[in-house]
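Okay, so here's the structure we're looking at.
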């Protein structure tokens, strides 16, 4: 089965026209499944009230649809955030928005080169159905976006396989905790499977962990394949060009890394190194984007900028 996850941002009530509603919280998921294709659409339901869901939707995505039906503050903050991400983004223009207006807003950023299409649901559906995810070799990695108990089954975690192959009976660490769990069974869109590959959205029944121990941001991966630390040394910092705050060393910020969101203190900000201390351990591998958020900023986007995690040593 071909599978892809798409973030739908910029406007609400768009993803529901493309797929069937599934899991809903501060992120709402919609599923488009037929034949050998499975598309998961992720909408950051509680954005702009909260910015972490926007970054988490982007972190889950292989592709992004930025839907612009009006030029508003939330759209401006979404554009500022997407400029710092690497997710391939298609601009979807509503009938009340001119291409010239949008071109002016994204000028000078990576979105200026993005494909632009009209807001036409049949054409959008055909577009996302044509996307696919390359298989990534290496140790399996499944970031958890939801977890809950199921009667007669136990703890169940939901997530997308971001790397490798997930197999029933795998023993995996529940990063950043030191706990290990066994994969009792795997489902892909409610169909029992012996294994799931990169890009597929899975429901994983776990043995050795309780449902109340599961939370968004945890990562199922083999022992030793990730790091779990509170003191993070990152690479050079890319500042958001629209940020209007004055954060510097000593500032109380928030870190968004993968599906994890946690308060941090900014310890160092230099041309080559960014150091932060988190409130709790954070799980990561080398080269992952780590976003710093300033939730106290009075005007402009809440995203301060981005740095990447470094290899061990």
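The values are calculated or read from the model by the stated rules, or taken from the named source; none is laboratory data. Everything numeric in this text was worked out from a predicted model, so none of it was measured. Note that each Cβ is placed from the backbone with ideal geometry, even for glycine, and that neighbours are counted across all protein chains shown.
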* Of the residues 17, 99, which single one is outside the structural domain of residue 161 (by TED's automatic domain parsing) and touching a helix residue (DSSP H, G or I) at 6+ places or on another chain (Cβ under 7 Å)? -> 17
* In the range 263-280, which residues are in contact (Cβ under 8 Å) with a residue 40 or more places away in the chain and either part of a loop (DSSP other than H, G, I, E, B) or surrounded by fewer than 21 Cβ atoms within 10 Å (Cβ to Cβ) (or both)? -> 273, 275, 277, 278, 279, 280
* Test for residue 158: is it within 30 Å of residue 75 (Cα to Cα), in a strand (DSSP E or B), under 19 Å from the mean Cα position of the chain (by Cα) and assigned by TED's automatic domain parsing to the domain that holds residue 37 -> no
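What is the residue count in the range 116-148 for residues that are assigned to a loop (DSSP other than H, G, I, E, B), modelled with pLDDT of 95 or more and surrounded by fewer than 17 Cβ atoms within 10 Å (Cβ to Cβ)?
Adding up the residues that qualify gives 2.
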* Starting from residues that are part of a strand (DSSP E or B) and within 20 Å of the chain's Cα centre (by Cα), keep the ones in the range 205-228 and report whichever is surrounded by the fewest Cβ atoms within 10 Å (Cβ to Cβ). => 228
* **Qualifying residue in the range 232-240 (condition: part of a loop (DSSP other than H, G, I, E, B) and in contact with a helix residue (DSSP H, G or I) (Cβ under 9 Å, 6 or more places away or on another chain))** => yes
* Pick from the range 80-115, criterion surrounded by fewer than 16 Cβ atoms within 10 Å (Cβ to Cβ) and under 18 Å from the mean Cα position of the chain (by Cα), ranking: farthest from residue 199 (Cα to Cα) -> 86
* Asked: How do the pairs read when you match residues in the range 51-67 that are touching a residue at least 40 places away in the same chain (Cβ under 8 Å) and in the same structural domain as residue 200 (by TED's automatic domain parsing) with residues anywhere that are crowded, with 24+ Cβ neighbours inside 10 Å and part of a strand (DSSP E or B), using Cβ under 7 Å and keeping only pairs 6 or more apart or on different chains?
  -> none
